[in-house]
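Contents: one structure, followed by commentary.
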Amino acid sequence: MTLEINGIDDLKRYIGKHLGYSEWHKVTQAQINQFADATEDHQWIHVDPDAAKAGPFGTTIAHGYLLLSLIPKLLPEILVVNQVGVALNYGANRIRFPAPVPANSNIRLGATITEVEEFQGGIQLTVETTIESENSSKPSLVAQLLYRYYI
């Protein structure tokens, strides 16, 4: 269920609160291959299922940056901010990839607002995000991301 937040004052009420999770989404080998083509990162651990069988994970795995790039798709399933102007990705304070995501695994995103700062013309939102893989006890991605909303 998507949380709809209406404006800056409403955002501030959610500082420190976990906002929930996205739906589960499958990361397919085809998607991994498309990402490899787009980034020209064709390392065998991502795109060669036969070679990856003998590798450390027994199968191909998703690129860490593929997981990071899925956040704009997954975050709106958790959080929508209304009554603000344009929203921009502003950056990241910290990104880690603690565990791999094997091809054809299901992932979901969790999010917590950790800070809301006003600046001239808008607000900056800091969101702690975590991508979980369905069959892993460790998160696959932990990232503290920054978004700017211009009013």
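At-a-glance table
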{"read-out": "Residues satisfying the stated conditions in the range 118-131, i.e. in contact (Cβ under 8 Å) with a residue 40 or more places away in the chain, within 26 Å of LYS26 (Cβ to Cβ) and not aliphatic (A, V, I, L, M)", "value": "THR129"}
{"read-out": "Criterion (surrounded by fewer than 15 Cβ atoms within 10 Å (Cβ to Cβ), of a type in the set (S, T, N, Q) and more than 10 Å from the chain's Cα centre (by Cα)) met by exactly one of ASN104, ASN93", "value": "ASN93"}
{"read-out": "Of all residues making up the range 122-151, the number that are in a strand (DSSP E or B), within 15 Å of the chain's Cα centre (by Cα) and farther than 14 Å from ALA92 by Cβ", "value": "2"}
{"read-out": "Output for the range 50-87, where each listed residue is in contact with a Phe, Trp or Tyr (Cβ under 7 Å, 6 or more places away or on another chain), loosely packed, with under 13 Cβ neighbours inside 10 Å and in contact (Cβ under 8 Å) with a residue 24 or more places away in the chain", "value": "GLY85, VAL86"}
{"read-out": "Condition met for GLN31 (closer than 16 Å to ASN106 by Cα and at pLDDT 95 or above)", "value": "yes"}
{"read-out": "Qualifying residue in the range 107-118 (condition: surrounded by fewer than 17 Cβ atoms within 10 Å (Cβ to Cβ) and hydrophobic (A, V, I, L, M, F, W, C))", "value": "no"}
{"read-out": "Residue within the range 2-12 that is of a type outside the set (A, V, I, L, M, F, W, C), at pLDDT 95 or above and under 17 Å from the mean Cα position of the chain (by Cα) present", "value": "no"}
{"read-out": "Matching residues in the range 109-130 - criterion: being in contact with a Gly (Cβ under 8 Å, 6 or more places away or on another chain) and of a type outside the set (Ser, Thr, Tyr)", "value": "GLY110, ALA111, ILE113, GLY122"}
{"read-out": "Of residues in the range 43-88 being over 17 Å from ALA111 (Cα atoms) and hydroxyl-bearing (Ser, Thr, Tyr), the one farthest from the chain's Cα centre (by Cα)", "value": "THR59"}
{"read-out": "Among the residues listed as ALA62, ALA99, ALA87, ALA52, the single one being small (Gly, Ala, Ser), at pLDDT 95 or above and more than 17 Å from THR28 (Cβ to Cβ)", "value": "ALA99"}
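The values are calculated or read from the model by the stated rules, or taken from the named source; none is laboratory data. Computed from a predicted structure; not experimentally measured. For neighbour counting, all protein chains shown are included, and Cβ atoms are generated from backbone atoms with ideal geometry for every residue, glycine included.
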